[in-house]
Amino acid sequence: MATRNVYLTETDQALIERLISSGKYQSAREVVRAGLRLLEEEQDRREDLSEYMDLLLEEADDPLAMNSELDEAALEQAFDALTESDRAT
């Protein structure tokens with residue numbers, strides 16, 4: 001297992017200490033691992049949304065393969081979710 005030295009801001013250190021003090025995590029390592037899991041989940045979700053949007057766009061190019069009103073709404077919903085995710089990060 002690789003060891004990494006990471007320099008944290010005072011704000012980051014305070015957050016880690018607060019999370020450990022709350023009893024939710026036992027160590028800084030657990031906090032970092034939880035954060036990395038969340039980052040991975042977010043990236044997976046973005047990739048899934050992007051693939052879904054690509055699929056919808058492909059279907060939009062073939063008018064016989066889609067119900068335009070339904071797919072347009074689905075495309076809008078996927079786009080809104082993706083841009084909302086971008087604003088949250």
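Of 80, 48, all but one fail to be modelled with pLDDT under 80 and of a type in the set (Asp, Glu); the exception is 80. Within the stretch 11-39, being within 19 Å of residue 1 (Cα to Cα) and assigned to a helix (DSSP H, G or I) holds for 28, 29, 30, 31, 32, 33, 34, 35, 36, 37. Residues that are surrounded by fewer than 10 Cβ atoms within 10 Å (Cβ to Cβ) and among the hydroxyl-bearing types (Ser, Thr, Tyr) within the stretch 1-48 comprise 3, 7, 9, 11, 21, 22, listed in sequence order.
Could you please find all residues in the stretch 19-32 being modelled with pLDDT of 95 or more, of a type outside the set (Ser, Thr, Tyr) and out of contact with any helix residue (DSSP H, G or I) (no Cβ under 9 Å at 6 or more places or on another chain)? Selection gives 23 alone. Listed conditions (1) hydrophobic (A, V, I, L, M, F, W, C); (2) within 20 Å of the chain's Cα centre (by Cα); (3) at pLDDT below 70 are all met by residue 64, apart from (2).
The values are calculated or read from the model by the stated rules, or taken from the named source; none is laboratory data. The shown structure was predicted, so the numbers you read here are calculated from the model rather than taken from an experiment. So basically every Cβ, Gly included, is an ideal-geometry build from the backbone, and we count neighbours across all protein chains shown.
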